[in-house]
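Written out below as structure tokens is the structure these notes cover.
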Amino acid sequence: MNIILIGPPGAGKGTQAKHLMSKRGMVQLSTGDMLREAKTSGTEMGNLVADVMARGELVTDDIVIGLIAEKLDTLDGAGAIFDGFPRTLAQADALEALMASKGSAIDHVIEMRVDDDALVARITGRFTCAACGEVYHDTTRPPKVAEICDACGGTEFTRRADDTEDALRTRLMAYYKQTSPLLGYYYAKGRLEGVDGMAEMAAVSTQIAGILDK
């Protein structure tokens, strides 16, 4: 089974992908991770990626599809989770053609639907232990002892520079502009289904499981 997770920044796609990997043995295909791996792989495609990035140029859709094709050949029957791809209708068409060429298909496209205001509050309030990476939130998950990490006892915390309201709303607008055509594309194909991305993590996982187990 192959799926696409669609949702704005902070909707929890990465968290749910990790859950599916753990519970169902699926493999997350993140184009960012694949590009970083390819740069040092020494393969023909990897050398091409390294050369393009060294010149400061954008990696073309054809290269990304080539990387995905290579990765699909290594999955040995495991289902794929596409996170961050496709982003455009052209990429969606290319992915459809690639999957068909391998006798496979995208089975479900799951949109993690959110409330923008609640999502902004969720993200702008989060901070991370600088030592171990444990994630906290100003209101929903502060450390048990103020300014001391529950996990490692660290006392230094960091916040992402782009986790500000203005930056997040700009990213959300870009997401909606970019993604809305894809939602229509997969709705027309009868594959689009939605879950409440603002629910608790376990509840979102249950909703996704219900879709996959139909």
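Per-structure values
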item	result
Qualifying positions in the stretch 147-193 - of a type in the set (Phe, Trp, Tyr) and in contact (Cβ under 8 Å) with a residue 40 or more places away in the chain	TYR175, TYR176, TYR185, TYR186
Residue match in the stretch 198-208 (condition: touching a residue at least 60 places away in the same chain (Cβ under 8 Å), farther than 23 Å from PHE127 by Cα and buried (at least 16 other Cβ atoms within 10 Å of the Cβ))	yes
Every residue from the stretch 191-206 that is more than 20 Å from PRO9 (Cβ to Cβ), outside any strand (DSSP E or B) and either at pLDDT 95 or above or touching a strand residue (DSSP E or B) at 6+ places or on another chain (Cβ under 8 Å) (or both)	ARG191, ALA203, THR206
Residues that are surrounded by 12 or more Cβ atoms within 10 Å (Cβ to Cβ) and outside any loop (DSSP other than H, G, I, E, B), drawn from the stretch 136-150	TYR136, HIS137, ARG141, ILE148
Scope the stretch 106-133; condition modelled with pLDDT under 95, assigned to a loop (DSSP other than H, G, I, E, B) and buried (at least 17 other Cβ atoms within 10 Å of the Cβ); matching residues	VAL114
Selected residue [more than 27 Å from GLY197 (Cβ to Cβ), touching a helix residue (DSSP H, G or I) at 6+ places or on another chain (Cβ under 8 Å) and at pLDDT below 90] from ALA54, ALA69, ALA38	ALA38
Search result, residues across the stretch 41-51 that are out of contact with any helix residue (DSSP H, G or I) (no Cβ under 8 Å at 6 or more places or on another chain), surrounded by 10 or more Cβ atoms within 10 Å (Cβ to Cβ) and either part of a loop (DSSP other than H, G, I, E, B) or of a type in the set (Lys, Arg) (or both)	SER41
Count of residues meeting criterion [in contact with a helix residue (DSSP H, G or I) (Cβ under 8 Å, 6 or more places away or on another chain) and closer than 26 Å to ALA209 by Cα] in the stretch 108-143	9
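Residues are listed down the side, and each one gets a yes or a no for (1) hydroxyl-bearing (Ser, Thr, Tyr); (2) assigned to a loop (DSSP other than H, G, I, E, B); (3) on the phi < 0 side of the Ramachandran plot:
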| position | (1), (2), (3) |
| --- | --- |
| CYS152 | no, yes, yes |
| ALA161 | no, yes, yes |
| ALA167 | no, no, yes |
| ARG171 | no, no, yes |
| TYR176 | yes, no, yes |
| SER180 | yes, no, yes |
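The values are calculated or read from the model by the stated rules, or taken from the named source; none is laboratory data. Just so you know, these numbers come straight off a predicted model, no measurement behind them. Note that each Cβ is placed from the backbone with ideal geometry, even for glycine, and that neighbours are counted across all protein chains shown.
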